[in-house]
Amino acid sequence: MTQSMDQDIAERKMQFLFQLRSKGVTDNRVLTAMEKIDRGPFIQGFFADRAYEDTPLPIPCGQTISQPSVVALMTQALDVQPRDKVLEVGTGSGYQAAILSQLGRRIYTVERHRQLIRTAREIFDALDLSNITAITGDGSFGLPDQAPFDRIIVTAAAEDPPGPLLAQLRIGGIMIVPVGQSDAVQSLIKVTRTEMGFDYDELRPVRFVPLLEGLAKDEYD
Ligand code: SAH
């Protein structure tokens, strides 16, 4: 790589962090994680050179890697603590899980496309992110064997926060989930579990692919 290409990438990364700050990402732990985890490896092929733009991009299996500022704002709202056990539903490219791996103790991430899990695992291994466990499955049922979780993040839109996920949230725990019909306006919801029940806060409008039932029928299975 030439020196000017290095400079170009350094410049784009600085711009990337500047964009996050300008969109309301103020938590330094989140900014540090976003600085450390390069989005580049999570986007392969045609769109690879757009990795540092604040935009969602296509990934295999007809899915999308979320917009970095949305990843950052969701992560900030999740308020992950160093000892936390975290569940992510919707691994996709693995980028969100990689960010979480910098903040919590143990990350479980579940995805219904086996092919996406394979690729994400390869990236986690290459980056030495050893505190992530990536599992093929229908994440709307959570992972009963690993429950309860301190934090749960859903990165696909549900019509309602799934009951099994609410049940697997520890008292005092936080869940971030986009709620709404696909292709309509969805709202990002923060659910806090208290001794008494669940508190719901509406954070912002978002747009995610839908949370679907069952395993995907991948052509490479
Ligand atoms: N967090 C991802 C982006 C996720 S896109 C990233 O950082 O790149 C949403 C993902 O949720 C898609 O890959 C989709 O296949 C997956 N998904 C949808 N319904 C699911 C379900 N019931 N269980 C697990 N994954 C699901």
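The values are calculated or read from the model by the stated rules, or taken from the named source; none is laboratory data. All values derive from a computational prediction rather than experimental measurement. For neighbour counting, all protein chains shown are included, and Cβ atoms are generated from backbone atoms with ideal geometry for every residue, glycine included.
Which one of these is surrounded by 14 or more Cβ atoms within 10 Å (Cβ to Cβ) and either over 30 Å from residue 216 (Cα atoms) or at pLDDT 95 or above (or both): 34, 1? Please lay out each step first, then the result.
On the way: 1 fails: surrounded by 14 or more Cβ atoms within 10 Å (Cβ to Cβ).
Result: 34 is the single residue among 34, 1 that is surrounded by 14 or more Cβ atoms within 10 Å (Cβ to Cβ) and either over 30 Å from residue 216 (Cα atoms) or at pLDDT 95 or above (or both).
Is it the case that some residue within region 190-202 is surrounded by fewer than 19 Cβ atoms within 10 Å (Cβ to Cβ), closer than 26 Å to residue 27 by Cα and within 16 Å of the chain's Cα centre (by Cα)? Spell out the reasoning first.
From region 190-202, those surrounded by fewer than 19 Cβ atoms within 10 Å (Cβ to Cβ) are 190, 192, 194-202; that's our starting set.
In the following step, the residues that additionally are closer than 26 Å to residue 27 by Cα were identified as 190, 192, 194, 198-202.
Filter once more, keeping what is within 16 Å of the chain's Cα centre (by Cα): 190.
Yes, the conditions are met somewhere in region 190-202.
Give me the residue from region 109-148 that is among the aliphatic types (A, V, I, L, M) and more than 10 Å from the ligand (Cβ to nearest atom) and, out of that set, farthest from residue 94 (Cα to Cα).
Within region 109-148, the subset among the aliphatic types (A, V, I, L, M) is 110, 116-117, 120, 123, 126-127, 129, 132, 134-135, 143, 147.
After this cut, where a residue has to be more than 10 Å from the ligand (Cβ to nearest atom) as well, the list is 123, 126-127, 129, 132, 134, 143, 147.
Details: 123: 8, 126: 12, 127: 12, 129: 11, 132: 10, 134: 9, 143: 18, 147: 21 Å.
Taking the candidates together, the pick is 147.
Those residues that are over 20 Å from residue 167 (Cα atoms) and near the ligand (Cβ under 10 Å from one of its atoms), I need them from region 75-108; list them, please.
91, 92, 93, 94, 95, 96, 97, 98, 99, 100
Does region 52-64 contain any residue that is closer than 24 Å to residue 166 by Cα and either modelled with pLDDT of 95 or more or near the ligand (Cβ under 8 Å from one of its atoms) (or both)? Give the derivation first.
Of all residues in region 52-64, those closer than 24 Å to residue 166 by Cα come to none.
No: zero hits.
Mind listing just one residue for me: the one in region 49-74 that is assigned to a helix (DSSP H, G or I) and over 15 Å from the mean Cα position of the chain (by Cα) and, of those, surrounded by the most Cβ atoms within 10 Å (Cβ to Cβ)?
Keep residues of region 49-74 that are assigned to a helix (DSSP H, G or I), which gives 49-50, 68-74.
With over 15 Å from the mean Cα position of the chain (by Cα) added as a condition, the list becomes 49-50.
Details: 49: 10, 50: 12.
Filtering first and then ranking leaves 50.
Are any residues in region 165-216 within 12 Å of the ligand (Cβ to nearest atom) and either more than 25 Å from residue 117 (Cβ to Cβ) or among the basic types (Lys, Arg) (or both), and if so, which ones?
Answer for region 165-216, where residues must be within 12 Å of the ligand (Cβ to nearest atom) and either more than 25 Å from residue 117 (Cβ to Cβ) or among the basic types (Lys, Arg) (or both): just 207.
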